[in-house]
């Protein structure tokens with residue numbers, strides 16, 4: 001019974017904090033005020049102050065987590081609605097995704113190698129751009145550290161969601177197709193969520209980028225690791 | 001009120017497709033996550049006109065509109081790894097961010113260049 005109460009409080013609390021952070025973002029629309037980031041920081045601070053373990057929070061949180069599955073499935077709907085545009089631009093879309101996947105694995109591996117990290121950590125960072133379940137699978141097969149992979153994937157997701165507008169401005173990336181590919185390739189589902197807030201077509205392109213980049217990374221990573229380590 | 005029940009019902013349909021995807025992943029030992037397999041299945045069902053868009057559109061739009069919300073409990077998981085943000089770990093975090101931005105820049109610029117070239121050629 002107590003568990004049920006704790007779970008309900010966690011869910012309702014998360015919803016209230018999310019609504020309040022969305023209101024804050026409406027008033028101060030800055031990259032670092034995106035609701036996902038503000039909500040996460042608020043909840044982390046509350047849990048730390050009240051000394052509540054993450055596992056206790058997750059008795060409710062896992063019910064929200066449970067929606068991530070159907071959430072990914074639902075991305076098929078915008079994809080279907082936008083299928084003609086996507087079909088027409090398939091080659092540019094595919095090329096961008098593959099370029100991003102290769103750069104992502106190479107830069108992660110080389111930068112950690114040059115700064116002297118262990119082979120396990122180098123293997124782990126190579127999977128950071130792809131959606132968590134795929135990242136877990138690749139990390140396992142190349143001898144990385146799985147809990148670390150999950151956290152690096154999260155950092156890739158949030159940093160992309162926070163910094164995308166700045167990057168797009170600096171590098172004059174202004175086409176909605178390019179923005180969608182960039183966010184889906186660099187920040188997987190969190191990037192796709194960010195793209196969906198801009199437009200359905202940008203979000204659809206993002207979801208394609210998320211899927212194809214996950215497949216590409218899982219194919220190229222074992223080879224790159226074998227050559228560079 | 002009717003819309004509310006429609007949304008709930010449609011999310012149940014999406015959930016069932018997710019479970020189907022997960023079942024396929026586990027029985028065939030695929031590395032692609034069950035949710036992504038579910039997404040591909042739903043896309044094919046829509047293309048083949050077996051599932052009509054209006055069976056799932058309200059539920060899908062509702063979830064997509066609030067997509068960021070569903071990630072929050074997972075991202076709060078960072079609480080168990082706060083040590084990562086000091087010492088050597090901080091360097092790792094910075095590398096992840098740099099590499100993420102490089103992916104964004106390269107994939108964005110390559111696709112934008114090709115899209116614009118195609119658009120110019122078509123005019």
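The values are calculated or read from the model by the stated rules, or taken from the named source; none is laboratory data. Fair warning: this is a prediction, and the values are worked out from it, not measured in the lab. So basically every Cβ, Gly included, is an ideal-geometry build from the backbone, and we count neighbours across all protein chains shown.
Matching residues to (1) out of contact with any helix residue (DSSP H, G or I) (no Cβ under 7 Å at 6 or more places or on another chain); (2) over 30 Å from residue A:155 (Cβ atoms); (3) outside any loop (DSSP other than H, G, I, E, B); (4) not assigned by TED's automatic domain parsing to the domain that holds residue B:3:
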position	(1), (2), (3), (4)
B:20	no, yes, yes, no
B:49	yes, yes, no, no
B:94	yes, no, yes, yes
B:104	no, no, yes, yes
B:121	yes, yes, yes, yes
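Note on region B:69-91: residues that are assigned to a helix (DSSP H, G or I) and at the interface with another protein chain (Cβ under 7 Å from one of its Cβ atoms) amount to 14. The sole residue among A:118, A:126, A:95, A:74 that is more than 18 Å from the chain's Cα centre (by Cα) and either facing chain B (nearest Cβ under 7 Å) or in contact (Cβ under 8 Å) with a residue 24 or more places away in the chain (or both) is A:95. Residues A:149, A:156: which one is free of Cβ contacts under 8 Å to residues at least 40 places away in the same chain, crowded, with 24+ Cβ neighbours inside 10 Å, more than 8 Å from chain B (Cβ to nearest Cβ) and more than 24 Å from residue B:61 (Cα to Cα)? The unique qualifying residue is A:149. Of the residues in region A:145-166, at least one is assigned to a loop (DSSP other than H, G, I, E, B), assigned by TED's automatic domain parsing to the domain that holds residue A:112 and closer than 28 Å to residue B:84 by Cα.
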